[in-house]
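Asks: Please read through the structure below; I'll follow up with questions.
The values are calculated or read from the model by the stated rules, or taken from the named source; none is laboratory data. Bear in mind that the values here come from a model prediction, so they are computed numbers and not experimental data. Note that each Cβ is placed from the backbone with ideal geometry, even for glycine, and that neighbours are counted across all protein chains shown. Remember, those area values only see protein heavy atoms, side chains included, never the ligands or the DNA or RNA. Shrake-Rupley method; radii C 1.70, N 1.55, O 1.52, S 1.80 Å.
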Amino acid sequence: MPVTTLDQQQRTGAPAPRRRSRREEILEIAVGLFAARGYHGVSMDDIGSAAGVTGPALYHHFAGKEAMLAAALIPVSEGLLHGGRERVARHPDDAHAALTDLISFHVEFALENPAVIALHLHELDRLPQEPRRQIRRLQRLYVEEWVGVLTALRPGIDAAEARVLAHAAFGLMNSTPFLGGEVDRDRCATLLCEATAIALVGQ
């Protein structure tokens, strides 16, 4: 694949890729360690060693492990809600197209962020009450985007039943932390999208 240079980007108008901050790099390392070893199995010194900085220097970026966990999970929940709303809004009169777009969006997220999903599944309760409540609220709002589409697409079910289906679909799509590498990414995305659509609407 050809490499686009900065000069080429300036000539074509293509935006230059944003360089990640040191804080973002450290957070990604912390998320990977938390997901692999568990929250209590990782110390600030462990994170600092993996990031190439001293443990105390991490406090310039984060107040502690709880702050890292919140910094990893809150933006993810905000991003899912924003992205879900955006995709539903694209198809105001076509619930089937909206559902297809939602499924594709979430599968892409799940394939890109298996460590974050594992972190959420196993470590959310480590957070203090307020950030945990914030994340739960964002998640409920995201679920309601799916509920609205499902009840429009399947008039025979009510909102409570649609929530059951939505959560079942999330379980399927969020299986990415447990998948091996036997199937390539594109094929895996196709399989997950097809399986989720079948689970939700039977096709």
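Asks: Across all directions of projection, what mean area in square nanometres is found for the Cα convex hull of segment 99-170?
Replies: Averaged projected area of segment 99-170's Cα convex hull equals 5.2 nm².
Asks: Over segment 71-200, with the other protein chains present, what is the accessible area per residue in square angstrom, probe 1.4 angstrom?
Replies: Per residue, segment 71-200 has 52 Å² of solvent-accessible surface.
Asks: Okay, next question. Which value, in debye to the nearest 20, gives the size of the charge dipole of segment 16-157 about its Cα centre, when Lys and Arg are +1 and Asp and Glu are -1 at the Cβ?
Replies: 220 debye
Asks: Now for a separate question. Give me the percent of accessible area attributable to carbon and sulfur for the chain, probe 1.4 angstrom.
Replies: Here carbon and sulfur together make up 54 percent of the probe-accessible area.
Asks: Taking Rh as the Kirkwood radius computed over C-alpha pairs, what is the Stokes-Einstein D of segment 74-203 at 37 °C in a medium of viscosity 0.692 mPa s, expressed in µm² per second?
Replies: For the chosen part, D equals 216 µm²/s.
Asks: Using only the heavy atoms of the protein chains and a 1.4 Å probe, how would Asp101, Asp93, Asp158, Asp186 rank by accessible area, largest first?
Replies: Asp93, Asp186, Asp158, Asp101
Asks: Just to confirm the filter: which trypsin sites (Lys or Arg not before Pro) across segment 30-126 are DSSP coil and have at most 14 other Cβ within 10 angstrom of their Cβ?
Replies: Within segment 30-126, the qualifying trypsin sites (Lys or Arg not before Pro) (loop, at most 14 other Cβ atoms within 10 Å) are Arg90.
Asks: Another one. For segment 51-126, with equal point scatterers placed on the C-alpha atoms only and solvent neglected, what are the log10 I(q)/I(0) values from the Debye formula at q = 0.28 1/Å, to two decimals?
Replies: -1.21
Asks: Sorted by accessible area (1.4 Å probe), largest first, how do Val147, Val76 line up?
Replies: Largest to smallest exposure gives the sequence Val76, Val147.
Asks: Here's something else I'd like to know. Measure out, as a whole number of angstrom, how far apart the alpha-carbon centroids of segment 147-198 and segment 53-96 sit.
Replies: Answer, in whole Å: 21.
Asks: Select from His96, Leu80, Pro56 the residue farthest towards the positive end of the dipole of segment 48-106; place +1 on Cβ of Lys and Arg, -1 on Cβ of Asp and Glu, and compute about the Cα centre.
Replies: In segment 48-106, that residue is Pro56.
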